[in-house]
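Below you'll find the structure, written out as structure tokens, and then a few comments.
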Amino acid sequence: METIIEEYSPGAVARAGEIIRRGGLVAFPTETVYGLGADAMKEDASSKIYAAKGRPSDNPLIVHIADMDSLNVISEDIPDAAYKLAQRYWPGPLTMIFRKKPIVPDMTTGGLNTVAVRMPDCPAALDIIRSGGGFVAAPSANTSGRPSPTCAEHVIEDLKGIIDMIVDGGPVSIGLESTIVDMTGKIPLILRPGYITEEDIRHVAGDVATDPGVLSAVSDKERPRAPGMKYRHYAPKASMVVVEGDNDRVVSYINGRIKELESEGKKCGVISSEDNKNSYICGIIKCAGARNRSDEVARNLYRILREFDKEDVAMILSESFNGGTGSTAVMNRLLKAAGHNIIRV
Ligand code: AMP
Ligand code: MG
């Protein structure tokens, strides 16, 4: 299939909307990561998303909307706390889960009786959602298992020739997927951490809890409640380890380990903080941002993982970016990329 690749413009929005309305697939920017959009109300259109991404069909899609009226069309039993959160954080990087109305096809929700809904804070996304009919299912626009795309080039790498259109709106501003909160229980439950933190939600909605599966390795006992979180997402091709501990010990461990691996002929990569980037003496060093600036690390992480894939490194050693506001989301993605392989030094 020939994939149309166009920069964001009124013409591109009109073409994207038409493709979505007739059941096709369009990748477009949002403020979190690029999404792969299809008409959420059409069973056949949603099913194409799973096929294009190679995504397991029990992994439900987030329905993207552009106005509050649309929320009531697809979901019911919406608690007051959800309206408060929407008022404060929509449009924005917050996905909320509600009981679904029958109008939403099972294919879109992976067979669940709930639906995940988000209103993105990105003009290109909002324009395309409106032009596409108002309800656009859009998971991240990557091949399943690869890091989510943070610029159009990443989407081209994974999906060119497989989908109808890619709208290029430049690099995204956040770089990690939305915070997902289940609003169907007594109190909001965070299923996936993101830019909007537990504290942010508590501030607006009062009581809130986080699913225990979020930062631990997945065990049967603590299986995450967002079906997608059980898969090894965000995975680079290389083996990866996160090194934690006293800063000097971390740097000297990483330097020592890379020397060893390089002597065995293995190419190694380092994900470094700005603070340490001049302290490494070997390996391919990529700086993710200042240690206490999760926003910088979030914007750079997936790009760095993709670059290491291209450079065919055998082993990635990453510093830990724990601490500082918003670090829960960064650590969740970093530990998933590393398959929860942590070394404490
Ligand atoms: P992505 O759009 O690629 O960021 O993936 C969407 C995420 O939302 C996956 O982890 C899904 O499992 C999760 N999700 C979507 N709908 C629901 C739902 N109804 N209940 C729980 N998790 C959901
Ligand atoms: Mg995804």
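Bear in mind these aren't lab numbers, they're just calculated from the coordinates by the rules spelled out. Small disclaimer: the values here were computed from a predicted structure and weren't measured. Glycine also receives a Cβ, built like all others from the backbone with ideal geometry; neighbour counts cover every protein chain displayed.
Values for this structure:
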{"read-out": "Loop trypsin sites (Lys or Arg not before Pro), region 1-55, which have at most 12 other Cβ atoms in a 10 Å radius of their Cβ (DSSP)", "value": "R22"}
{"read-out": "Taking V251, V26 and counting other C-beta atoms within 10 Å, the order from fewest to most", "value": "V251, V26"}
{"read-out": "Burial ordering of E260, E2, E153, fewest other beta-carbon atoms within 10 Å first", "value": "E2, E260, E153"}
{"read-out": "Principal axes of region 44-134: Cα extent on each, largest first, Å", "value": "35, 30, 20"}
{"read-out": "Along each principal axis, Cα extent of region 237-279, largest first, Å", "value": "27, 21, 18"}
{"read-out": "Whole-angstrom gap from region 274-343 to region 1-16, using each part's C-alpha centre", "value": "33 Å"}
{"read-out": "Charged-residue dipole, Cβ positions (Lys, Arg, Asp, Glu), the chain about Cα centre, Debye nearest 20", "value": "600 debye"}
{"read-out": "Solvent-free Debye scattering, log10 I(q)/I(0), computed from the Cα coordinates of region 242-345 at q = 0.14, 0.24 Å⁻¹", "value": "-0.47, -1.50"}
{"read-out": "Sorted by Cβ density within 10 Å, fewest first, the residues H340, H64", "value": "H340, H64"}
{"read-out": "For region 1-60, convex hull of alpha carbons as volume per residue, Å³", "value": "104 Å³"}
{"read-out": "Against the rule of thumb 2.2 N^0.38 Å, how large the Cα Rg of the chain comes out", "value": "0.99"}
{"read-out": "For region 91-172, the fraction of alpha-carbon pairs in successive 5 Å shells from zero, as %", "value": "3, 12, 20, 22, 23, 14, 6, 0"}
{"read-out": "Projected area averaged over orientations for region 280-321, convex hull of C-alpha atoms, nm²", "value": "3.0 nm²"}
{"read-out": "Length-normalised contact order for region 50-103 - Cα pairs under 8 Å, 6+ apart - percent", "value": "40 percent"}
{"read-out": "Interatomic Cα distance distribution for region 23-175, bins of 5 angstrom, percent", "value": "2, 11, 21, 24, 22, 14, 6, 1, 0"}
{"read-out": "Links that overshoot a 19 Å alpha carbon limit, given the list K100/K186; K259/K310; K237/K266", "value": "K259/K310"}
{"read-out": "Additional length obtainable on full extension of the chain from D207 to E264, 0.36 nm per residue less Cα span", "value": "15.3 nm"}
